[in-house]
Structures are given as C-alpha cells and as structure tokens.
Amino acid sequence: MPVRLLSIWGVPLGLLGLVILAALVVIGLDLRRARTEGPRWRRRLVAPGLALLAAAGAYVPARQVLRGPVMVTCYAALPPPTGVAVRDIAARLALVEAQARDGNLPAHTLESIAQQLRYHVQFLEGAERRLAAGKDPNDAADHALAAEMRSKAVAALTAVQQRLDAVAPLAADPRWKVVADAWRFAQPLADSHRSTAAHRAEAAARLAAAREALAQLLHAGRLDQAEHDLLAGLTHSMERAMCLNPPTDTRIMCYTMPVFVPASMSLEALAARLPLLKRLASSSYVTPAVMEKVLPAVEADLAVLTDAGELARLDEAQRAKAEQTAAAVRAIVAKLKAAIASRPAAAGASAGR
C-alpha cells in the first residue's frame with residue numbers, strides 16, 4: 001500500500017517540490033543542504049523536486065568528499081550542448097574576424113588569432129559530425145550553422161596565415177631554425193646508416209630540441225596539427241634510420257644484423273602519413289616551408305614502392321596494399337604541389353589589388 005501511494009503521489013509531490021525549490025532559490029538557500037537539513041516536511045518535498053530535475057538533466061547530484069573534519073561538496077559542471085557551443089563560437093568568430101582585418105597587427109597577435117581559429121575549425125569539424133548523427137529537430141539547423149562557421153573560420157585562418165607569412169615567414173622563425181638545424185645534422189647520418197656513438201648522442205639531443213620546437217610552433221598557431229604530426233613523425237623516422245646499424249666506433253664484433261625490407265618500411269611510413277596528408281590536402285592553406293621538409297621524404301618512400309625489385313620482396317597482400325597506398329599518396333602529393341605552385345600567383349594578384 002505505501003508503494004502504491006508513493007507511485008500515485010510521486011509526480012504531484014515532485015511538482016510541489018519544484019515550487020518549494022523555486023522559493024528556496026529566491027530566498028538564497030542551498031538546495032543540496034535543504035534536502036538533508038531543516039523541517040521534515042520540507043525535506044520530503046525537496047527530495048522529489050530534485051529527483052525530477054535530475055531526470056530532466058538539469059541537476060547533477062553532488063559528490064561529497066571527506067577531507068579530515070571538513071565535508072567538501074564538489075559540484076559537477078554540465079558541458080553546454082553542441083548547438084549552444086556552436087552558436088557561442090558563431091558570436092565570437094565575428095569578433096575574431098573583425099580583429100583579423102586590422103592591417104597593423106604584429107606577428108605575435110596574428111599568431112594568437114591563428115591559434116584561436118585553428119581551435120574553432122577543429123571544434124566545428126567535430127560538432128558537424130555529432131550534429132549530423134543527432135535526432136533533435138534543432139540539430140539540422142545547428143549543423144548548417146556549424147558548416148557555415150567552419151567555412152568562415154577556414155577562410156579567416158587562410159587570410160591570417162598569409163599575412164603572418166608575409167610579416168614573419170616561418171623559415172625565419174627561431175623555433176623553425178632549431179628544427180631545420182637538427183634535420184640538417186641528422187639527415188646525412190640517417191641516409192648513410194653510419195654514425196659514431198658521439199654523433200648519435202648529439203643527433204638525439206638536437207632532434208629532441210626539434211620536437212620541443214615543433215610543439216611550441218603548434219601551440220603558437222604557426223603549424224596545423226597535421227603539419228606538426230607529419231614533421232614529428234619524420235623526426236622519429238630519421239632517428240630510427242640513424243640507429244639501424246651499430247655505431248661505427250663500436251668494439252663489439254659479434255652481433256646479428258637485423259633484416260630490414262625497405263619496401264615494408266616505406267609502406268609502413270606512407271600508410272601512417274596518408275591520413276595526415278589527406279587532411280593537409282583538404283585544407284585551404286599549405287605552408288611551403290613545411291612542404292619543403294615533408295614532400296622529399298614522402299617522394300623517397302614513393303620511389304621505393306615503385307621499384308619492382310623492392311616490391312618483389314613483399315608478399316602478395318603487401319604488394320597490393322603498397323600499390324594502393326602509393327597511388328593514393330601520389331594523387332595527394334600532386335594536389336599539394338599544385339597548391340604550393342598557385343600561391344605566388346595568388347599572392348601577386350592580391351598584392352596588385
């Protein structure tokens with residue numbers, strides 16, 4: 001009988017509890033304390049009201065943590081819905097675009113704007129995917145808004161990057177010089193597979209500094225995430241190639257040489273870089289200084305995968321995958337080269353205007 005009465009009066013009690021909660025909010029009382037403290041009648045009404053709010057997603061039960069004699073209440077913050085976040089970015093993006101149109105901004109301010117725009121593009125790409133799978137009637141409108149805002153953010157980022165390269169080219173950035181110097185020292189060692197222990201130690205230190213510099217360039221907005229990941233991956237591959245053979249000054253005469261199949265290594269490298277190259281090819285801006293580092297390494301692996309003698313060392317499944325991967329990478333490389341070749345003409349046209 002008590003259970004039946006509870007099921008009958010549960011909703012009315014919850015609605016009455018909501019009224020009591022509203023009154024408590026107006027007078028400034030803590031709702032969580034009101035559930036466990038105060039008169040019994042109020043506690044019995046507040047609990048159903050909080051239960052209804054929790055069922056609607058408007059209330060998150062607090063987690064209480066005991067720290068010595070003090071009970072600390074930890075409130076869990078609810079993230080805003082994706083549509084709300086998209087509309088918030090739409091409002092902020094207009095301000096960022098207006099700021100980016102200022103023709104007298106210094107390089108560090110342009111870097112900050114580029115960093116904000118990269119974050120907006122990344123978030124809006126994810127928001128489009130989430131809203132496309134949503135079932136709420138408002139998701140379609142929010143999805144269209146997210147697509148529109150992403151297009152605007154990409155266009156603004158392209159303009160900022162072009163101005164930033166004109167004001168402070170990436171090749172002249174001290175952080176980029178750390179990367180270039182490290183690669184200049186380590187590349188011959190990696191290509192020859194011959195190095196002393198001292199050379200390897202110095203190369204490892206330089207490449208570690210290069211990875212830190214790449215992280216700083218990413219954080220500063222000078223590099224896209226895909227550009228950073230490609231360069232970091234090439235740095236790792238360079239260090240790996242440098243250590244394929246023992247140091248030339250080693251005194252160890254008895255060792256088992258590992259067997260490396262160049263076509264297998266090139267296939268592994270290109271398969272890992274293919275998603276990043278696709279992301280760069282789909283972007284509206286390609287950094288020439290980055291492509292000068294990435295494309296030679298990619299084309300060297302492509303040359304290995306088009307060598308009949310090297311492909312013959314792979315099994316049938318690997319050969320099929322190698323041919324498919326090489327064809328996909330070759331198409332993307334052609335697209336990236338076309339984007340780089342079109343930049344001077346675009347820059348000259350804009351300068352003429």
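Values quoted throughout were computed directly from the atomic coordinates according to the rules given, and no laboratory measurement underlies them. Please read these numbers as outputs of a predicted model, since none were measured by experiment. Every residue, glycine as well, gets a Cβ built from its backbone with ideal geometry; the counts of neighbours run over all protein chains shown.
Structure notes:
- What the phi angles of region 152-160 give under the Karplus curve with 6.51, -1.76 and 1.60, with θ = phi - 60°, is a coupling list of 5, 5, 5, 5, 5, 5, 4, 5, 5 Hz, glycine and proline written as x.
- Convex hull volume per residue in cubic angstrom - Cα atoms of region 82-167: 68
- Entries of LYS177/LYS321; LYS152/LYS278; LYS293/LYS321; LYS177/LYS278 with Cα pairs more than 29 Å apart: LYS177/LYS321
- Top positive-direction residue, dipole computed over region 280-343 with Cβ charges, set VAL333, VAL298, SER283: SER283
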